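Shown next, in C-alpha coordinates, is the structure this report addresses.
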Amino acid sequence: EGCSCRKCSLVLSESAEGFCLFVSFMGMLSPREEVAYVTCTYRETCIDQPDFLATVDLNPRSPYYCQVIHRLPMPNLKDELHSSGWSAGCVCFDNITTKRNKLILPCLISSRIYVVDVGSQCRAPKLCKMIEPVDVFWKCNKGYLGVPHSLPNGDILIANMGDPAGNGKGGFIVLDGETFELKGNWENECEAPPTGYDFWYQPRHNVLISSAGLVPKRAGRGFNPDDLKKGVFGRRLNVWNLSCRTLTQCFDLGEDSLPLSVKFLHNPDAAEGYVSCALSGIIYRFYKACCEANTWSVEEAIQIPAKDVSGWILPKMPAFTADMVISLDDKYLYLSNWLHGDIRQYEISKTCKPRLVGQVFVGGSILRGGPVTVCRDEELKCQPEPLVIKCKRVYGGPCKMQLSLDGKRLYVTNSFYSTWDKQFYPNVVREGSVMLQIDVDTEKGGLTVNKNFLVDFGKEPNGPCLAHAIRFPCGDSTSDILA
(Lines give C-alpha, C1' and ligand atoms only; values in the text may rest on other atoms or scores of the structure.)
Protein backbone atom coordinates (compact mmCIF):
# COMPACT_ATOMS: atom_id res chain seq x y z
CA GLU A 1 0.00 0.00 0.00
CA GLY A 2 1.37 3.41 -0.94
CA CYS A 3 3.80 1.93 -3.50
CA SER A 4 2.61 2.50 -7.07
CA CYS A 5 4.93 0.09 -8.86
CA ARG A 6 3.32 -2.53 -11.11
CA LYS A 7 4.75 -5.42 -9.08
CA CYS A 8 3.18 -4.27 -5.81
CA SER A 9 -0.14 -3.49 -7.52
CA LEU A 10 -0.34 -7.01 -8.97
CA VAL A 11 0.57 -8.60 -5.66
CA LEU A 12 -2.10 -6.67 -3.78
CA SER A 13 -4.74 -7.44 -6.43
CA GLU A 14 -4.01 -11.18 -6.40
CA SER A 15 -3.80 -11.18 -2.61
CA ALA A 16 -7.20 -9.50 -2.22
CA GLU A 17 -8.87 -12.01 -4.56
CA GLY A 18 -7.31 -14.97 -2.78
CA PHE A 19 -8.19 -13.52 0.58
CA CYS A 20 -11.88 -13.17 -0.36
CA LEU A 21 -11.93 -16.84 -1.42
CA PHE A 22 -10.30 -17.81 1.86
CA VAL A 23 -12.82 -15.81 3.93
CA SER A 24 -15.73 -17.41 2.03
CA PHE A 25 -14.25 -20.85 2.64
CA MET A 26 -13.70 -20.16 6.33
CA GLY A 27 -17.25 -18.83 6.64
CA MET A 28 -18.62 -22.07 5.20
CA LEU A 29 -16.54 -24.19 7.60
CA SER A 30 -17.18 -22.12 10.72
CA PRO A 31 -20.31 -22.81 12.78
CA ARG A 32 -22.52 -20.05 14.08
CA GLU A 33 -21.48 -18.77 17.49
CA GLU A 34 -23.36 -20.66 20.23
CA VAL A 35 -21.78 -19.22 23.37
CA ALA A 36 -19.99 -16.03 24.30
CA TYR A 37 -17.59 -15.33 27.15
CA VAL A 38 -18.13 -11.90 28.68
CA THR A 39 -15.91 -10.22 31.29
CA CYS A 40 -17.92 -8.76 34.18
CA THR A 41 -16.85 -6.58 37.09
CA TYR A 42 -18.38 -5.42 40.37
CA ARG A 43 -15.83 -2.68 40.95
CA GLU A 44 -17.49 0.70 41.70
CA THR A 45 -20.93 -0.92 42.13
CA CYS A 46 -20.81 -0.98 45.97
CA ILE A 47 -21.34 -4.75 45.76
CA ASP A 48 -18.58 -6.66 47.52
CA GLN A 49 -18.33 -9.56 45.10
CA PRO A 50 -15.53 -10.82 42.85
CA ASP A 51 -15.49 -10.18 39.13
CA PHE A 52 -16.52 -13.12 36.97
CA LEU A 53 -16.48 -14.53 33.47
CA ALA A 54 -20.03 -14.99 32.19
CA THR A 55 -20.92 -17.68 29.66
CA VAL A 56 -23.88 -16.53 27.55
CA ASP A 57 -26.03 -18.87 25.43
CA LEU A 58 -26.30 -17.52 21.85
CA ASN A 59 -28.10 -20.47 20.27
CA PRO A 60 -31.59 -19.29 19.16
CA ARG A 61 -32.87 -22.87 19.42
CA SER A 62 -31.77 -23.23 23.04
CA PRO A 63 -34.24 -22.77 25.93
CA TYR A 64 -31.52 -20.65 27.58
CA TYR A 65 -31.07 -18.32 24.62
CA CYS A 66 -29.55 -14.92 25.61
CA GLN A 67 -29.15 -16.02 29.23
CA VAL A 68 -26.07 -16.34 31.40
CA ILE A 69 -25.69 -20.11 31.81
CA HIS A 70 -22.46 -20.14 33.84
CA ARG A 71 -20.44 -17.77 36.02
CA LEU A 72 -16.78 -18.27 36.84
CA PRO A 73 -15.93 -16.02 39.82
CA MET A 74 -12.35 -14.84 40.24
CA PRO A 75 -10.66 -15.52 43.62
CA ASN A 76 -10.06 -11.80 44.36
CA LEU A 77 -12.04 -8.58 44.68
CA LYS A 78 -11.91 -5.42 42.57
CA ASP A 79 -9.69 -6.76 39.77
CA GLU A 80 -11.66 -4.95 37.03
CA LEU A 81 -11.78 -7.69 34.42
CA HIS A 82 -11.61 -5.75 31.18
CA SER A 83 -10.06 -7.11 27.99
CA SER A 84 -9.71 -10.77 27.03
CA GLY A 85 -7.88 -12.75 24.38
CA TRP A 86 -7.10 -16.27 23.22
CA SER A 87 -3.92 -18.20 23.84
CA ALA A 88 -3.95 -19.12 20.13
CA GLY A 89 -4.94 -16.40 17.72
CA CYS A 90 -2.34 -16.15 14.97
CA VAL A 91 -3.86 -18.32 12.21
CA CYS A 92 -2.08 -19.56 9.08
CA PHE A 93 -3.90 -20.16 5.79
CA ASP A 94 -3.05 -23.85 5.99
CA ASN A 95 -4.38 -24.17 9.55
CA ILE A 96 -7.70 -22.41 9.96
CA THR A 97 -8.95 -24.82 12.63
CA THR A 98 -7.00 -23.27 15.48
CA LYS A 99 -8.30 -24.50 18.82
CA ARG A 100 -9.11 -21.84 21.37
CA ASN A 101 -8.74 -23.71 24.65
CA LYS A 102 -7.43 -21.00 26.97
CA LEU A 103 -8.78 -17.50 27.52
CA ILE A 104 -6.40 -14.87 28.89
CA LEU A 105 -7.91 -12.33 31.29
CA PRO A 106 -5.57 -9.44 32.21
CA CYS A 107 -6.93 -7.15 34.95
CA LEU A 108 -7.01 -3.43 34.32
CA ILE A 109 -6.74 -2.32 37.97
CA SER A 110 -5.21 -5.14 40.04
CA SER A 111 -2.75 -6.14 37.26
CA ARG A 112 -3.44 -9.85 37.88
CA ILE A 113 -3.59 -12.24 34.97
CA TYR A 114 -6.03 -15.14 34.93
CA VAL A 115 -5.87 -18.07 32.50
CA VAL A 116 -9.20 -19.80 31.99
CA ASP A 117 -9.68 -23.30 30.57
CA VAL A 118 -12.61 -23.21 28.15
CA GLY A 119 -11.57 -26.31 26.19
CA SER A 120 -12.50 -28.97 28.76
CA GLN A 121 -16.08 -27.73 29.14
CA CYS A 122 -16.92 -24.82 26.87
CA ARG A 123 -20.19 -24.10 28.71
CA ALA A 124 -18.57 -24.25 32.15
CA PRO A 125 -15.04 -22.75 32.03
CA LYS A 126 -12.66 -23.16 34.95
CA LEU A 127 -9.68 -21.22 36.23
CA CYS A 128 -6.38 -22.98 35.57
CA LYS A 129 -3.70 -20.39 36.39
CA MET A 130 -3.24 -17.04 38.09
CA ILE A 131 -0.28 -14.63 37.94
CA GLU A 132 -0.17 -12.29 40.92
CA PRO A 133 0.41 -8.53 40.56
CA VAL A 134 3.63 -8.67 42.57
CA ASP A 135 5.18 -10.89 39.89
CA VAL A 136 4.21 -8.42 37.15
CA PHE A 137 5.47 -5.48 39.23
CA TRP A 138 8.84 -6.96 40.16
CA LYS A 139 9.67 -8.79 36.96
CA CYS A 140 8.41 -6.21 34.47
CA ASN A 141 7.93 -2.94 36.38
CA LYS A 142 4.57 -2.76 34.64
CA GLY A 143 0.91 -2.62 35.67
CA TYR A 144 -2.64 -1.74 34.59
CA LEU A 145 -2.95 -4.38 31.90
CA GLY A 146 -4.80 -3.89 28.63
CA VAL A 147 -5.31 -5.91 25.47
CA PRO A 148 -3.80 -9.41 24.92
CA HIS A 149 -3.01 -11.16 21.63
CA SER A 150 -1.06 -14.31 20.86
CA LEU A 151 2.15 -13.90 18.86
CA PRO A 152 3.25 -15.90 15.79
CA ASN A 153 5.54 -18.02 18.00
CA GLY A 154 2.64 -18.92 20.31
CA ASP A 155 3.55 -16.63 23.22
CA ILE A 156 0.99 -14.16 24.57
CA LEU A 157 1.62 -10.43 24.39
CA ILE A 158 -0.25 -8.10 26.78
CA ALA A 159 -0.22 -4.32 26.46
CA ASN A 160 0.03 -2.23 29.62
CA MET A 161 -1.01 1.31 30.51
CA GLY A 162 1.28 2.18 33.41
CA ASP A 163 3.90 1.29 35.98
CA PRO A 164 3.08 -0.23 39.40
CA ALA A 165 2.50 3.23 40.89
CA GLY A 166 -0.04 4.19 38.22
CA ASN A 167 2.20 6.55 36.29
CA GLY A 168 1.95 6.38 32.53
CA LYS A 169 4.13 3.72 30.96
CA GLY A 170 3.42 1.83 27.76
CA GLY A 171 4.91 -1.35 26.38
CA PHE A 172 4.14 -5.05 26.66
CA ILE A 173 4.65 -8.09 28.86
CA VAL A 174 5.02 -11.65 27.54
CA LEU A 175 3.55 -14.96 28.75
CA ASP A 176 4.87 -18.33 27.62
CA GLY A 177 2.31 -19.78 25.21
CA GLU A 178 2.44 -23.28 26.73
CA THR A 179 3.13 -22.85 30.45
CA PHE A 180 1.65 -19.34 30.77
CA GLU A 181 4.59 -18.35 32.94
CA LEU A 182 5.52 -14.67 32.93
CA LYS A 183 8.61 -14.27 30.75
CA GLY A 184 9.19 -10.54 31.16
CA ASN A 185 9.00 -7.41 29.02
CA TRP A 186 8.77 -7.61 25.25
CA GLU A 187 10.41 -4.32 24.27
CA ASN A 188 13.69 -2.77 25.32
CA GLU A 189 13.29 -0.79 28.55
CA CYS A 190 14.54 2.43 26.99
CA GLU A 191 11.86 2.26 24.30
CA ALA A 192 8.72 2.06 26.47
CA PRO A 193 6.18 4.67 25.24
CA PRO A 194 4.58 7.15 27.69
CA THR A 195 1.28 5.21 27.73
CA GLY A 196 -0.30 2.17 26.07
CA TYR A 197 -3.52 0.21 25.64
CA ASP A 198 -4.23 -1.69 22.40
CA PHE A 199 -2.19 -3.15 19.52
CA TRP A 200 -2.36 -5.24 16.36
CA TYR A 201 0.33 -6.70 14.14
CA GLN A 202 0.89 -8.02 10.62
CA PRO A 203 3.49 -10.85 10.45
CA ARG A 204 4.02 -10.56 6.69
CA HIS A 205 5.03 -6.94 7.06
CA ASN A 206 7.02 -7.49 10.26
CA VAL A 207 5.16 -4.68 12.01
CA LEU A 208 3.25 -4.12 15.24
CA ILE A 209 1.26 -0.93 15.83
CA SER A 210 0.11 0.18 19.28
CA SER A 211 -2.10 2.95 20.68
CA ALA A 212 -1.69 5.30 23.62
CA GLY A 213 -4.35 4.98 26.34
CA LEU A 214 -4.43 7.03 29.55
CA VAL A 215 -2.32 7.68 32.64
CA PRO A 216 -3.93 5.23 35.11
CA LYS A 217 -3.70 7.11 38.42
CA ARG A 218 -5.19 10.26 36.90
CA ALA A 219 -7.87 8.64 34.73
CA GLY A 220 -8.72 6.34 37.65
CA ARG A 221 -10.26 9.29 39.47
CA GLY A 222 -12.72 9.88 36.65
CA PHE A 223 -12.80 12.25 33.71
CA ASN A 224 -11.68 15.70 34.83
CA PRO A 225 -11.68 18.55 32.27
CA ASP A 226 -8.75 20.04 34.19
CA ASP A 227 -6.67 17.06 33.01
CA LEU A 228 -6.93 18.22 29.40
CA LYS A 229 -3.68 19.59 27.96
CA LYS A 230 -1.70 17.99 30.81
CA GLY A 231 -0.61 14.74 29.19
CA VAL A 232 -3.14 12.52 30.97
CA PHE A 233 -4.73 11.39 27.71
CA GLY A 234 -2.41 9.77 25.19
CA ARG A 235 -1.68 11.15 21.74
CA ARG A 236 0.80 8.76 20.08
CA LEU A 237 0.56 5.94 17.58
CA ASN A 238 3.60 3.68 17.82
CA VAL A 239 5.13 1.56 15.04
CA TRP A 240 7.33 -1.38 16.08
CA ASN A 241 9.58 -3.80 14.27
CA LEU A 242 7.88 -7.09 15.18
CA SER A 243 10.91 -9.37 14.99
CA CYS A 244 13.45 -6.96 16.54
CA ARG A 245 10.98 -5.62 19.16
CA THR A 246 12.16 -2.08 18.54
CA LEU A 247 10.22 1.17 18.21
CA THR A 248 10.75 2.52 14.70
CA GLN A 249 8.24 5.37 14.27
CA CYS A 250 5.86 7.48 16.36
CA PHE A 251 2.97 9.62 15.11
CA ASP A 252 1.53 12.49 17.13
CA LEU A 253 -2.23 12.38 16.57
CA GLY A 254 -2.94 15.56 18.49
CA GLU A 255 -3.12 16.67 22.10
CA ASP A 256 -5.76 14.78 24.11
CA SER A 257 -6.77 12.77 21.04
CA LEU A 258 -6.65 9.51 23.07
CA PRO A 259 -5.94 6.79 20.47
CA LEU A 260 -7.51 3.58 21.78
CA SER A 261 -8.58 0.86 19.34
CA VAL A 262 -6.11 -0.35 16.67
CA LYS A 263 -7.03 -2.73 13.84
CA PHE A 264 -5.22 -3.86 10.71
CA LEU A 265 -7.23 -5.12 7.76
CA HIS A 266 -7.54 -8.91 8.05
CA ASN A 267 -5.94 -9.56 4.68
CA PRO A 268 -2.38 -10.45 5.76
CA ASP A 269 -0.92 -8.83 2.64
CA ALA A 270 -2.68 -5.50 3.19
CA ALA A 271 -0.31 -3.10 4.93
CA GLU A 272 -2.94 -0.75 6.31
CA GLY A 273 -5.45 -0.33 9.09
CA TYR A 274 -7.15 2.17 11.37
CA VAL A 275 -6.85 3.69 14.83
CA SER A 276 -9.78 5.37 16.57
CA CYS A 277 -9.12 8.45 18.70
CA ALA A 278 -11.74 8.56 21.44
CA LEU A 279 -11.64 12.22 22.47
CA SER A 280 -11.00 13.86 19.09
CA GLY A 281 -13.56 11.73 17.22
CA ILE A 282 -11.05 11.15 14.42
CA ILE A 283 -10.30 7.75 12.88
CA TYR A 284 -6.90 7.70 11.21
CA ARG A 285 -5.82 5.31 8.48
CA PHE A 286 -2.24 4.10 8.79
CA TYR A 287 -0.47 2.53 5.83
CA LYS A 288 2.95 1.55 4.56
CA ALA A 289 4.29 4.56 2.70
CA CYS A 290 7.38 2.92 1.22
CA CYS A 291 7.83 -0.82 0.80
CA GLU A 292 11.60 -0.70 0.44
CA ALA A 293 12.24 1.60 3.42
CA ASN A 294 9.46 -0.02 5.50
CA THR A 295 8.16 3.37 6.61
CA TRP A 296 4.58 4.15 7.55
CA SER A 297 2.26 7.16 7.31
CA VAL A 298 -1.10 8.23 8.71
CA GLU A 299 -3.99 10.21 7.29
CA GLU A 300 -7.40 11.26 8.56
CA ALA A 301 -10.13 8.92 7.28
CA ILE A 302 -13.22 9.73 9.38
CA GLN A 303 -14.15 12.61 11.63
CA ILE A 304 -17.24 12.48 13.83
CA PRO A 305 -18.09 16.04 14.91
CA ALA A 306 -18.56 16.99 18.55
CA LYS A 307 -21.97 18.29 19.61
CA ASP A 308 -22.62 21.65 21.26
CA VAL A 309 -24.52 20.81 24.44
CA SER A 310 -25.76 22.20 27.74
CA GLY A 311 -26.20 20.25 30.97
CA TRP A 312 -22.99 18.27 30.49
CA ILE A 313 -19.47 18.42 31.92
CA LEU A 314 -18.16 20.37 28.88
CA PRO A 315 -19.86 22.70 26.36
CA LYS A 316 -18.88 20.31 23.57
CA MET A 317 -19.50 16.56 23.79
CA PRO A 318 -16.87 14.63 21.81
CA ALA A 319 -17.59 11.50 19.80
CA PHE A 320 -16.03 9.01 22.19
CA THR A 321 -15.20 6.11 19.84
CA ALA A 322 -14.57 3.42 22.45
CA ASP A 323 -14.18 0.45 20.12
CA MET A 324 -13.68 -0.48 16.48
CA VAL A 325 -14.24 -3.72 14.56
CA ILE A 326 -13.46 -4.66 10.96
CA SER A 327 -15.45 -7.46 9.33
CA LEU A 328 -13.46 -10.55 8.43
CA ASP A 329 -13.84 -9.87 4.69
CA ASP A 330 -12.52 -6.30 5.17
CA LYS A 331 -15.75 -4.89 3.73
CA TYR A 332 -17.07 -2.96 6.73
CA LEU A 333 -15.70 -1.02 9.68
CA TYR A 334 -17.80 -0.57 12.82
CA LEU A 335 -17.44 2.13 15.49
CA SER A 336 -19.08 2.39 18.91
CA ASN A 337 -19.71 5.95 20.04
CA TRP A 338 -19.95 5.60 23.82
CA LEU A 339 -21.01 9.18 24.63
CA HIS A 340 -23.28 10.04 21.70
CA GLY A 341 -24.78 6.54 21.85
CA ASP A 342 -24.65 5.28 18.27
CA ILE A 343 -22.99 2.41 16.43
CA ARG A 344 -21.74 3.25 12.95
CA GLN A 345 -21.08 1.04 9.93
CA TYR A 346 -18.68 2.23 7.22
CA GLU A 347 -18.08 0.59 3.86
CA ILE A 348 -14.30 0.56 3.29
CA SER A 349 -13.72 -0.71 -0.25
CA LYS A 350 -11.91 2.62 -0.67
CA THR A 351 -9.91 2.43 2.52
CA CYS A 352 -8.87 6.09 2.38
CA LYS A 353 -12.51 7.23 2.10
CA PRO A 354 -14.82 5.13 4.34
CA ARG A 355 -18.50 5.62 3.53
CA LEU A 356 -21.16 5.67 6.25
CA VAL A 357 -23.84 3.11 5.32
CA GLY A 358 -25.43 2.21 8.66
CA GLN A 359 -26.14 3.85 12.00
CA VAL A 360 -28.25 2.94 15.02
CA PHE A 361 -28.63 4.52 18.47
CA VAL A 362 -28.62 2.18 21.45
CA GLY A 363 -28.39 4.68 24.32
CA GLY A 364 -25.96 7.50 25.01
CA SER A 365 -25.93 10.89 26.71
CA ILE A 366 -27.97 12.93 24.21
CA LEU A 367 -31.28 11.06 24.37
CA ARG A 368 -34.51 12.99 24.29
CA GLY A 369 -35.83 13.74 27.78
CA GLY A 370 -32.42 13.43 29.46
CA PRO A 371 -30.39 16.05 31.34
CA VAL A 372 -28.34 17.01 28.25
CA THR A 373 -29.71 19.38 25.62
CA VAL A 374 -28.09 19.44 22.21
CA CYS A 375 -27.75 23.07 21.10
CA ARG A 376 -26.04 22.47 17.78
CA ASP A 377 -25.63 19.24 15.86
CA GLU A 378 -23.98 18.88 12.46
CA GLU A 379 -25.51 15.43 11.89
CA LEU A 380 -28.88 15.01 13.63
CA LYS A 381 -32.07 17.07 13.33
CA CYS A 382 -33.38 15.96 16.72
CA GLN A 383 -32.18 14.07 19.77
CA PRO A 384 -32.64 10.28 19.61
CA GLU A 385 -35.35 8.43 21.50
CA PRO A 386 -34.46 6.12 24.42
CA LEU A 387 -34.13 2.43 23.62
CA VAL A 388 -36.44 -0.10 25.30
CA ILE A 389 -35.99 -3.84 24.74
CA LYS A 390 -38.16 -6.46 26.40
CA CYS A 391 -39.63 -3.77 28.68
CA LYS A 392 -36.16 -2.70 29.89
CA ARG A 393 -34.87 0.83 29.33
CA VAL A 394 -31.30 0.63 28.07
CA TYR A 395 -28.96 3.11 29.77
CA GLY A 396 -25.35 3.84 28.98
CA GLY A 397 -23.69 3.93 25.59
CA PRO A 398 -22.31 1.24 23.26
CA CYS A 399 -18.77 0.21 24.09
CA LYS A 400 -17.17 -3.16 23.36
CA MET A 401 -18.31 -4.95 20.20
CA GLN A 402 -17.87 -8.39 18.71
CA LEU A 403 -18.83 -9.46 15.19
CA SER A 404 -19.79 -12.95 14.09
CA LEU A 405 -17.58 -14.66 11.52
CA ASP A 406 -20.23 -14.29 8.80
CA GLY A 407 -20.55 -10.59 9.64
CA LYS A 408 -24.31 -10.71 10.17
CA ARG A 409 -24.54 -10.27 13.95
CA LEU A 410 -22.83 -7.51 15.91
CA TYR A 411 -22.91 -7.93 19.69
CA VAL A 412 -22.30 -4.96 21.99
CA THR A 413 -21.97 -4.25 25.72
CA ASN A 414 -22.20 -0.85 27.41
CA SER A 415 -19.51 -0.62 30.11
CA PHE A 416 -16.32 1.28 29.25
CA TYR A 417 -14.50 1.43 32.60
CA SER A 418 -16.22 1.23 35.98
CA THR A 419 -15.05 4.63 37.30
CA TRP A 420 -16.14 6.41 34.13
CA ASP A 421 -19.37 4.38 33.98
CA LYS A 422 -20.20 5.65 37.47
CA GLN A 423 -19.49 9.24 36.44
CA PHE A 424 -21.26 9.38 33.07
CA TYR A 425 -23.87 6.63 33.36
CA PRO A 426 -24.78 6.07 37.05
CA ASN A 427 -27.95 4.23 36.00
CA VAL A 428 -25.80 1.53 34.38
CA VAL A 429 -23.95 1.02 37.67
CA ARG A 430 -27.24 0.85 39.59
CA GLU A 431 -29.16 -1.34 37.14
CA GLY A 432 -26.36 -3.30 35.48
CA SER A 433 -25.04 -3.60 31.95
CA VAL A 434 -26.75 -5.15 28.97
CA MET A 435 -25.53 -7.05 25.95
CA LEU A 436 -27.38 -6.34 22.71
CA GLN A 437 -27.41 -7.86 19.23
CA ILE A 438 -27.39 -5.67 16.14
CA ASP A 439 -28.50 -7.30 12.89
CA VAL A 440 -26.25 -6.34 9.98
CA ASP A 441 -27.14 -6.00 6.31
CA THR A 442 -23.96 -7.36 4.75
CA GLU A 443 -25.06 -6.67 1.17
CA LYS A 444 -26.07 -3.01 1.08
CA GLY A 445 -25.14 -1.94 4.60
CA GLY A 446 -27.48 -1.11 7.45
CA LEU A 447 -27.92 -1.82 11.17
CA THR A 448 -31.03 -2.85 13.10
CA VAL A 449 -31.43 -3.56 16.82
CA ASN A 450 -32.66 -7.12 17.40
CA LYS A 451 -35.59 -6.55 19.77
CA ASN A 452 -35.70 -10.26 20.66
CA PHE A 453 -32.19 -10.33 22.11
CA LEU A 454 -31.24 -8.93 25.51
CA VAL A 455 -28.75 -10.16 28.09
CA ASP A 456 -29.63 -8.28 31.28
CA PHE A 457 -26.69 -8.21 33.68
CA GLY A 458 -28.89 -6.32 36.11
CA LYS A 459 -30.48 -9.64 37.07
CA GLU A 460 -27.31 -11.35 38.27
CA PRO A 461 -27.69 -13.40 41.49
CA ASN A 462 -25.13 -11.24 43.33
CA GLY A 463 -26.55 -8.00 42.01
CA PRO A 464 -26.12 -5.78 38.94
CA CYS A 465 -22.66 -5.85 37.32
CA LEU A 466 -20.78 -4.19 34.48
CA ALA A 467 -20.06 -6.21 31.32
CA HIS A 468 -17.27 -5.47 28.86
CA ALA A 469 -15.29 -7.74 26.48
CA ILE A 470 -16.93 -10.48 24.35
CA ARG A 471 -15.27 -13.58 22.87
CA PHE A 472 -16.57 -16.55 20.85
CA PRO A 473 -14.82 -19.94 21.12
CA CYS A 474 -15.59 -20.62 17.45
CA GLY A 475 -13.65 -17.51 16.43
CA ASP A 476 -14.57 -13.87 15.95
CA SER A 477 -13.54 -10.75 14.08
CA THR A 478 -11.19 -9.26 16.67
CA SER A 479 -9.16 -12.28 17.79
CA ASP A 480 -7.50 -14.04 14.88
CA ILE A 481 -4.53 -12.47 13.11
CA LEU A 482 -3.95 -14.13 9.74
CA ALA A 483 -0.35 -14.95 8.84
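The values are calculated or read from the model by the stated rules, or taken from the named source; none is laboratory data. Quick caveat, the model's predicted, so the values are computed rather than measured. Note: ideal-geometry Cβ built from the backbone for every residue, glycine included; neighbour counts use all protein chains shown. Only protein heavy atoms, including side chains, enter the accessible area calculation; ligands, DNA and RNA are left aside. Shrake-Rupley method; radii C 1.70, N 1.55, O 1.52, S 1.80 Å.
Here are a few things to note about the model shown:
- Mean Cβ count within 10 Å, highest first, over the residues of peptides 171-177, 317-323, 350-356: 317-323, 171-177, 350-356
- Each of (1) 23, 51, 20, 5, 1, 0; (2) 23, 54, 22, 2, 0; (3) 25, 62, 12, 0 is a candidate for P(r) over Cα pairs in 20 Å bins from 0, in percent; the one calculated from this structure is (3).
- Inter-site label distance for Lys390 and Arg430 at 7 Å from Cα along Cβ, in nm: 2.2
- Bridging of Lys129 to lysines at a Cα separation below 16 Å is possible for Lys102, Lys183, once same-chain residues fewer than 8 apart are set aside.
- Shape category assigned to region 353-417 from the gyration tensor of Cα positions, a/c cut at 1.5: oblate
- Using the Cβ-Cβ distance between Val357 and Lys217 with R0 set to 60 Å, the FRET efficiency from 1/(1 + (r/R0)^6) comes to roughly 0.90.
- Euclidean distance between Cα centres, region 99-150 to region 163-201, Å: 14
- Prolate is the label for region 399-483, because a/c, from the alpha-carbon gyration tensor with a ≥ b ≥ c as root eigenvalues, is 1.5 or above and a/b exceeds b/c.
- Sum of side-chain charges, Asp117 neighbourhood, beta-carbon under 10 Å (Lys, Arg +1; Asp, Glu -1): +3
- Averaged over its residues, the chain has an accessible area of 38 Å² per residue, based on protein heavy atoms and a 1.4 Å probe.
- Region 124-257 shape via C-alpha gyration tensor axes, a/c threshold 1.5: oblate
- Summing charges over neighbours of Gly85, with a neighbour being any other residue whose Cβ is under 13 Å away from its Cβ, gives 0 when K and R count +1 and D and E count -1.
- For Asp323, the shell of other residues with beta-carbons less than 15 Å away shows a net charge of 0, using +1 for Lys and Arg and -1 for Asp and Glu.
- Each of the peptides 358-371, 235-248 was scored by the mean count of other Cβ atoms within 10 Å over its residues; in descending order, highest first, they stand as 358-371, 235-248.
- Sequence-separation-based contact order of the chain, relative, with Cα cut under 8 Å and 6+ spacing, percent: 13
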